[in-house]
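Comments concern the structure below.
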Amino acid sequence: MRGLCAVGLVCAALAAQAQEPQQPTFRSGSDAVTVDVSVFDGQRAIPGLTAADFDVRDNGVRQTLSSVRPNTLPIDVRLLFDTSGSISQEDLERYRRAMARVAEALRPVDRVEILTFSGRISEVVPLQHPPITVITRRQDRDGTSFFDAVSLAMVTRPMPERRQITIVLTDAQDNDSFFDKDTLYASARHTSAVVYGVLPTGLADDVSRFATRLEMVARVTGGRLVRSKWDGRMGDLLIRMLAEFRQGYVLNYALAGTPDPGWHKLTVTVPRAKYTIRAREGYFAR
Amino acid sequence: MTLRPPAGRSASVAACLGAICLLSIAPAAAPVPQQGLDPILSAYTTGDHDVVARTLLTSHDFRKLRLLDGRRLERWLGAWSSVKTDFLLELVDQASVVAPAYVGPLVTKGQAYVFSRGAAVGASAQDDAAERRWHLIAAGVLQHRLMGAQIVGYIDVLETRRPLPAHTAVWDPRLALARGIGQEQVCRMIHATARVDRLLSEFEGKAATPPAVRQMAIECMEKALRFLEGAAAREEVREEARTRAGFAAFQLGKNNEARAALAGASGSADRTLSYWRALFLGRVSDALGADADAERAYQDAVRLFPDAQTARIGHALALFRLHRDDDADEAVLAARRVRAEGVDPWETYFEGDGRFVDGWLAAMRKARK
């Protein structure tokens, strides 16, 4: 297959640049696919799985895994906070503390970037290694551009030597976007990051009806949606998400038997047990 | 994260329909004003054109004048005069800034007042110009306040009382567009988009828009499309009518029709209009799966307004889908880092002619000197 290179899919040339010694490389002419997978038995992450344990289907064609490794690669964390509406100074301070805690939990090889949105999206901390300095401030523009902001946050560059996680904290309400659900869905299908959503609970407004917007993004990318109070323990929650991401596996295979460009549907299972598997639903072959 | 009315960004009272506003703020047994409109009008007539903005600083000031008391206002207005017509426009404009609930009732009363002019249209060029200015600016303020239903009603009444072509002298060509813009605003209030999101139906579940609401949104947008296509018959507003019709067609999922309408709207010297056109062309191209075309369209929009985040987001997303990683990275950073005070004309799209009102008022004041 010519020129196949996609979100979640790493071309031979790119893979060869991997910095980690254990990172597999792929010879020219092959097409390497990398997939983040989390395996759970209830709440418990399942460790110690090998290539023999997984069944991976790419467009329905069973693939041979070249490696299965715990997710110990450096990670890039993208945090997106919804600061629209009646966010108080106290809320902002709570967000700032949560952002700082996440940065503290990262390793020196990891990187973090922080964005906020209301009517517009703003960069609070550009992509960088920890430590970071976080200064949050209220945006002048009102409105909530959920679809615009989250769609933009889906834009990632596939990186074979790093894993990417995007965490979105929002009630998923929208009243100001130019883009819409279709755009968000398309962007989620293209992103190479695993997306976690945090939906607030205990608000005066019942926002559960908007949960499907975030749920959809999380499901497509292999992440999940968490409903939680946005209180002083928000930092702990974010750190648990990072830990969960790190407890996952990174699966690699050289694509075989389904060379078509475009959307490739992925199915990952562990046939010998009834585990809960989370992996992205597919990727775009270039 | 309180839900704002799904409408343009600068207006804070978006869903204020005349009658409802009137009921909600009607004063109970308000006292007789100590200071009426006469001194303000007097200062205005002598050339103090800032007097309204300087005197009526809050909605309380409007309340003191009992401007919602229709009969009282009617009595004060008396026989028609072009000075009072202009003065009413000043009141409407100032109400739009500090007392939005007064806009609807004042415009309704003002429209009736303008129709009360004795001489027939065509008898006096000066009076015709005053009436024409009234309709244009009043409709512009209604658009700015996103009072879609009232705009549609306003134009309906105007058509009845000043039917075309006999009354062309009082019809600014932009009024042909006003009904379509008003209808767009009405649709916006029903549902953020009338577009059928087939792709996402599997995710929608209980969150899906109820079929009845969706149908209402579709019918509303079809009506807007008809109005806008009708407005395109007027050469003076053709490009904007086609641009808006293109966006309406897109929202109805009629992508090819949308592309054709937008293609027929090129060549405007109006930078804001050109931006909207490029932006919509980007969306339509997205929907048609033509990512390279979308990228070019969004790039055009970015060139017109480099600080417009909406165009920059579209551009970044198109590059992303095209797997142009370096360019997408650059575009994402540019989108995130637009200047906070930068102009994004998408944010005022639904406000229609609101963008012209300040200029029209300035021209009116200049003409009064």
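Charged side chains reduced to their Cβ positions (Lys and Arg at +1, Asp and Glu at -1) give the protein assembly as shown a dipole of some 600 debye around its Cα centre. For chain A, the relative contact order works out to 30 percent when only alpha carbon pairs closer than 8 Å and six or more residues apart are counted. The residues A:67, B:82, B:116, when put in order of fewest to most other Cβ atoms within 10 Å, stand as B:116, A:67, B:82.
Of B:61, B:270, B:69, which is the most mobile in a GNM of chain B whose springs link Cα atoms less than 10 angstrom apart? Among B:61, B:270, B:69, the largest GNM mean-square fluctuation belongs to B:270. For chain B, the tally of Lys pairs with Cα-Cα distances below 27 Å comes to 9, considering only residues 8 or more apart or on different chains. The value of relative contact order for segment A:64-218, using C-alpha pairs under 8 Å at least six residues apart, is 24 percent. Taking a cut-off of 38 Å, what percent of all Cα-Cα pairs in chain B are separated by more than that? Value for chain B: 24 percent of Cα pairs lie more than 38 Å apart. Relative contact order of segment B:13-172, taken over Cα pairs closer than 8 Å and 6 or more residues apart, is 27 percent. Phi-derived couplings, Karplus 6.51 cos²θ - 1.76 cosθ + 1.60 at θ = phi - 60°, listed residue by residue for segment B:79-89: 5, 5, 8, 5, 5, 5, 4, 5, 4, 4, 4 Hz, with x used for Gly and Pro.
Rounded to whole numbers, the Karplus 3J(HN,Hα) couplings from phi for segment B:295-303 are 4, 5, 5, 5, 4, 4, 5, 4, 4 Hz, using 6.51 cos²θ - 1.76 cosθ + 1.60 with θ = phi - 60°, and x at Gly and Pro.
Counting only other residues whose beta carbon sits under 15 Å from that of residue B:274, what net charge do I get with K and R as +1, D and E as -1? The answer is +3. The string of couplings for segment B:173-185 from the Karplus curve (6.51, -1.76, 1.60, θ = phi - 60°) is x, 5, 5, 5, 7, 4, 5, x, 5, x, 5, 4, 5 Hz, one whole number per residue in order, with x for Gly and Pro. Near residue A:224, once Lys and Arg are set to +1 and Asp and Glu to -1 for all other residues with Cβ below 10 Å from its Cβ, the sum equals 0. Could you tell me whether segment A:75-245 comes out rounded, prolate or oblate from its Cα gyration tensor? Rule is a ≥ b ≥ c as square roots of the eigenvalues, rounded for a/c under 1.5, then prolate if a/b exceeds b/c, otherwise oblate. Because its axes are fairly even, with a/c under 1.5, segment A:75-245 counts as rounded.
Skipping prolines and chain starts, which residues have an amide H placed within reach, meaning under 5 Å, of the one on residue A:75, given they are 5 or more residues away or on another chain? Those lying under 5 Å, H to H, from residue A:75 are A:110, A:111, A:163.
Going from the fewest other Cβ atoms within 10 Å to the most, the residues B:64, B:369 appear in the order B:369, B:64.
Taking amide hydrogens as placed 1.01 Å from N in the peptide plane, the amide H of residue A:198 sits under 5 Å from those of A:168, A:169, A:170, A:226, each at least 5 positions away in sequence or on another chain. Exposure proxy ranking for B:220, B:187, based on other Cβ atoms within 10 angstrom of each Cβ and starting from the fewest, stands as B:220, B:187. What does the C-alpha gyration tensor say about the overall shape of the protein assembly as shown? Classify as rounded when a/c is under 1.5, otherwise prolate if a/b is larger than b/c, or oblate. Here the protein assembly as shown falls in the prolate category. What net charge is computed for the residues neighbouring residue A:257, neighbours being all others with C-beta under 11 Å from the C-beta of residue A:257, Lys and Arg scored +1, Asp and Glu -1? It works out to a net charge of 0.
Taken together, the values in this text are just the output of simple stated rules run on the coordinates, not laboratory data. Quick caveat: nothing in here was measured; it's all calculated off a predicted structure. Don't worry about glycine lacking a Cβ; one is built from the backbone with ideal geometry, like all the others, and counts go over all protein chains shown.
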